[in-house]
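Taking it in order: structure first as structure tokens, then the write-up.
The values are calculated or read from the model by the stated rules, or taken from the named source; none is laboratory data. All figures in this text were calculated on a predicted structure; none of them were measured in a lab. Ideal geometry is used to build each Cβ from the backbone, glycine not excepted, and the neighbour counts take in all protein chains shown.
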């Protein structure tokens, strides 16, 4: 019987999850990592039925999450950008929302991710919290039989190796995976597929810092607080101007600020990784890859920087591959054990 393996990557900016997997075809979806609490189930309200969200019950409240969560937006937008993020009800709501959108009743192995710096301290607790039965809204539950937490950039390494058919040859190589996300700038040094802990780390220097810095400059310029981070993010990704007070607002004069933050993050990383000439693979992924790319290339002028199409999904696709391989090896081990025990029992009889 085939095991059901699924992966979720709850990032500070977006929650990514696997919707289906058939061989090498891994299908993913995502929604903003925003959860709005309410004292009642908003999915029963007619107006809420027109938006793609679910109301996840946690500790007496209902947290609305999903692709259309912006339609439920309040003036105040709480951000959970701190080291105990995985212990918050918002994190649980985002993960359970993703589980509900997978449309499966039970998962044999769920793979989730953690920032590199949090892995050793948070891994066991997160795996325990993810195991069991989860209410996912609408009266539905999803049972998770086993959970596995790995470093987020490690997923990208697995996906890169699978994509380039290097799962065997990469075992003899050293790799550096750089993952600029919403809150954290993560990097992982690996020998083969194994994490080199002392050279891998995370900094709180991600896209959110860039958006905050640009918003502060805009606020000073227009003379009123400007906090539309989503609009700035979209403008940076598309190259289009913002619209403020019905007029285009050019971000080009503020780009040096964005680049300086990227350079700060990369410079801090360089102090950890030591001899850069030993890397056979340098892989750049993450939602902030487009903005940090220039700083990374300047730091490694003699290397080819490998980029992945749809870098936002690189981690979660790698989680899926790693989980499937883990499940297959576990299943083979169980079959082998059962066969040995059967032969032993038969001999004894």
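Structure data summary
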quantity: Residue 219 vs. criteria free of Cβ contacts under 8 Å to residues at least 12 places away in the same chain, part of a helix (DSSP H, G or I) and either touching a helix residue (DSSP H, G or I) at 6+ places or on another chain (Cβ under 6 Å) or over 21 Å from residue 298 (Cβ atoms) (or both); calculated: yes
quantity: Candidate set from the range 12-25 (those that are surrounded by fewer than 18 Cβ atoms within 10 Å (Cβ to Cβ) and more than 14 Å from residue 96 (Cα to Cα)); member that is modelled with the lowest pLDDT; calculated: 23
quantity: Complete set of residues in the range 91-124 that are on the phi < 0 side of the Ramachandran plot and either part of a strand (DSSP E or B) or more than 19 Å from the chain's Cα centre (by Cα) (or both); calculated: 104, 105, 106, 107, 108, 109, 110, 111, 112, 113, 114
quantity: Selection within the range 125-176 - surrounded by fewer than 21 Cβ atoms within 10 Å (Cβ to Cβ) and assigned to a helix (DSSP H, G or I); calculated: 125, 127, 128, 129, 162, 163, 169, 171, 172
quantity: Scope the range 1-11; condition part of a loop (DSSP other than H, G, I, E, B) and either surrounded by fewer than 22 Cβ atoms within 10 Å (Cβ to Cβ) or in contact with a helix residue (DSSP H, G or I) (Cβ under 6 Å, 6 or more places away or on another chain) (or both); matching residues; calculated: 1, 2, 3, 4
quantity: Residue match in the range 257-268 (condition: at pLDDT 95 or above, loosely packed, with under 14 Cβ neighbours inside 10 Å and out of contact with any strand residue (DSSP E or B) (no Cβ under 9 Å at 6 or more places or on another chain)); calculated: yes
quantity: Residue check for residue 54: in contact with a helix residue (DSSP H, G or I) (Cβ under 7 Å, 6 or more places away or on another chain), modelled with pLDDT under 95 and surrounded by 21 or more Cβ atoms within 10 Å (Cβ to Cβ); calculated: yes
quantity: Selection count where residues are in a strand (DSSP E or B) and touching a residue at least 12 places away in the same chain (Cβ under 8 Å), scope the range 177-209; calculated: 15
quantity: Considering residues of the range 194-217 that are crowded, with 16+ Cβ neighbours inside 10 Å and more than 22 Å from residue 290 (Cα to Cα) only, the residue nearest to the chain's Cα centre (by Cα); calculated: 195
quantity: Strands (runs of 3 or more DSSP E) enclosed by the range 230-332 - at least 1 residues per element that are closer than 30 Å to residue 3 by Cβ; calculated: 281-284
quantity: Residues (crowded, with 16+ Cβ neighbours inside 10 Å and under 16 Å from residue 238 (Cα atoms)) located in the range 279-310; calculated: 287, 288, 289, 291, 292, 293
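So that you can scan it fast, the table gives a plain yes or no per residue for (1) at pLDDT 85 or above; (2) within 20 Å of the chain's Cα centre (by Cα); (3) in a loop (DSSP other than H, G, I, E, B); (4) surrounded by 16 or more Cβ atoms within 10 Å (Cβ to Cβ):
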| site | (1), (2), (3), (4) |
| --- | --- |
| 28 | yes, yes, no, yes |
| 31 | yes, yes, no, yes |
| 34 | yes, yes, yes, yes |
| 37 | yes, no, no, yes |
| 43 | no, no, no, yes |
| 48 | no, no, no, yes |
| 64 | yes, yes, no, yes |
| 71 | no, no, no, no |
